[in-house]
Structure formats: structure tokens, C-alpha cells
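Note sheet for the following structure.
The values are calculated or read from the model by the stated rules, or taken from the named source; none is laboratory data. In this text, all values refer to a predicted model and were calculated from it rather than measured experimentally. Methodologically, a virtual Cβ is constructed for each residue, glycine included, from the backbone with ideal geometry; neighbour enumeration extends over all protein chains shown. SASA here: full protein model, heavy atoms, side chains in, ligands and nucleic acids out. Shrake-Rupley method; radii C 1.70, N 1.55, O 1.52, S 1.80 Å.
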Amino acid sequence: MSKPVAIITGAGTGIGQAAAMMFADRGYDVIAVDLNEDALHWASVRGIATVVGDVSEESTSERMVAAALEGFGRLDTVVLNAGIAKRTEWESDDVMETFDQIMSVNVRSVVAGIRHAAPAMAARGGGSIVATASTSGLGGDPLRFGYNASKAAVINICRAAALDWGHAGVRVNAMGPGPTMTPILQGGRMTPEHLETFRRNIPLQRLGRPEEQAEVLYFLGSPASSFVTGAVFMCDGGVTANAGVFQPTSIPLSEVQH
């Protein structure tokens, strides 16, 4: 009996890399997809198939699905994880260009991924598609309206796709990470002070790890979640449980009793 097959986009680093490793370690044949060929070196070393491409281009979705069907004869799970996070400042000269780029990478890629993966899964009786959303898809962040809009769109695209493809046994869900120690968070303008502010505002009093997000992606992508579709699973340490008027009590971890 052949192994189940999973495609993971944005697999070069962070949550996508952790998910690709987890699916592979748990018995899946994996196709790791990323724009940066060098970032996929780890996958090649481990014998994991790779596809290099820009997920905002529909041809990348076509190629990754074809790689699964031609290389392994099946497709069971697709994790649409690739994304970018950039500031969108209303008065910036390039704000519209930045907005279009965010929407193309974060939203258009999800539509293209579902459009090509769902029929391939339906032909075999079903499968699971999971898209990475964000806590930022459920609320606003200062100077990041483009990212907020893109992740809110991902959530409702998944809900709508779940309705459109449920009859064919294809499940579609979204996973919403909170602040996680990945390159997308640690890069750019993030300072130790920024990261400490994140920590203090998270009820669990720490940032997440990529492996913790990958566990939720794995659950949603595997048969363990066979009756789950159209759902949004938050993995955010409790961030979205807060109404925002008051911040969680911040207690130094050294003072927490176990």
C-alpha cells in the first residue's frame, strides 16, 4: 500500500519546514514547495521531493499537484502555508504595490492551491486542504491592514471552499498561528523589546514554536480530523481569547509554580 502524500508550501523555513518534517517523519511522502531553492536544501538532503516556484503564480499550483500525481500517484493533504508579512502604511508611496503583493502571495496562492488540489483529491474520494491564516485575520493590527485583509480572506475562502467541496469528500480548514518564533516574526524591525511585548500579551506568557503550529496542521491534514471542515483552529497561546481592553497578567516564568 502506497504512503499518503502531502504538499507543503512555504516549506523552506519556519512553520512550513516544521510541518514538512513532521508529515515526513509520520509516514507521508512529502513535496516541499518554496520560492527559494536554497531554502529547500534541507528537504533534498532528507530525500523529500521539492518544487521551486512562486505560489502567487497559478502555474506553481499546477506543477506541485502534478508532481504529487506523477511522482506518487495520489494526493491526500495540501498545506497552503506560504505567505508574507509586510507593513502597509496609508501614506507610503508604495502602499498599493505592497498591498497587491501581499494579497497575491497570501490570498491568490490559496485560491490557486485549492483550485488545483481539490479536483485531484475529489477524483480519489477526498482529501484535506489546510491554509495558514493568522490571529491577524480575526482583528486589526496597526499599520498592517494589508496583512489583516489577506488573512481574513484566507479564513473565509476556506469556509466557502469547505461548502463547495464537501460533497466530494474534500475537507478545507484554516489554522491561525499566534506570535511564533519564525524568520517572518524575527526579521525586519522586530527587536528584543518587541518580542518581549509579544510575550507579555500572550496568556501563556511565551511565544509559540513552529513545531506546535505544525502539530495543528498535521491534525487538520490527517484522517484524525475526518469530520472537521470549514473550521478555523487558532494556535495562539490564548491571544484571541482576549477582548483587548485589558492585557493578561504578566508573571515572570521563574515565578510560575509547577
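Things to note:
- Counting only helices (runs of 4 or more DSSP H) wholly contained in the stretch 131-205, the ones carrying 2 or more residues that are aliphatic (A, V, I, L, M) and open to solvent by less than 60 Å² (accessible area, probe 1.4 Å) occupy 145-165.
- Test: Ser109 is within 20 Å of Phe145 (Cα to Cα), part of a helix (DSSP H, G or I), small (Gly, Ala, Ser) and touching a residue at least 12 places away in the same chain (Cβ under 8 Å): yes
- Positions within the stretch 52-99 being more than 22 Å from Gln17 (Cβ to Cβ) and aliphatic (A, V, I, L, M), in sequence order: Ala66, Leu69, Val95, Met96
- Tabulated pairs, the stretch 202-225, first free of Cβ contacts under 8 Å to residues at least 24 places away in the same chain, second surrounded by fewer than 21 Cβ atoms within 10 Å (Cβ to Cβ) and in a helix (DSSP H, G or I), C-beta under 6 angstrom, 6+ apart or interchain: Phe219/Ser225
- Asp93 vs. criteria over 27 Å from Glu212 (Cα atoms), open to solvent by 30 Å² or more (accessible area, probe 1.4 Å), without any contact (Cβ under 8 Å) to a residue 40 or more places away in the chain and outside any loop (DSSP other than H, G, I, E, B): no
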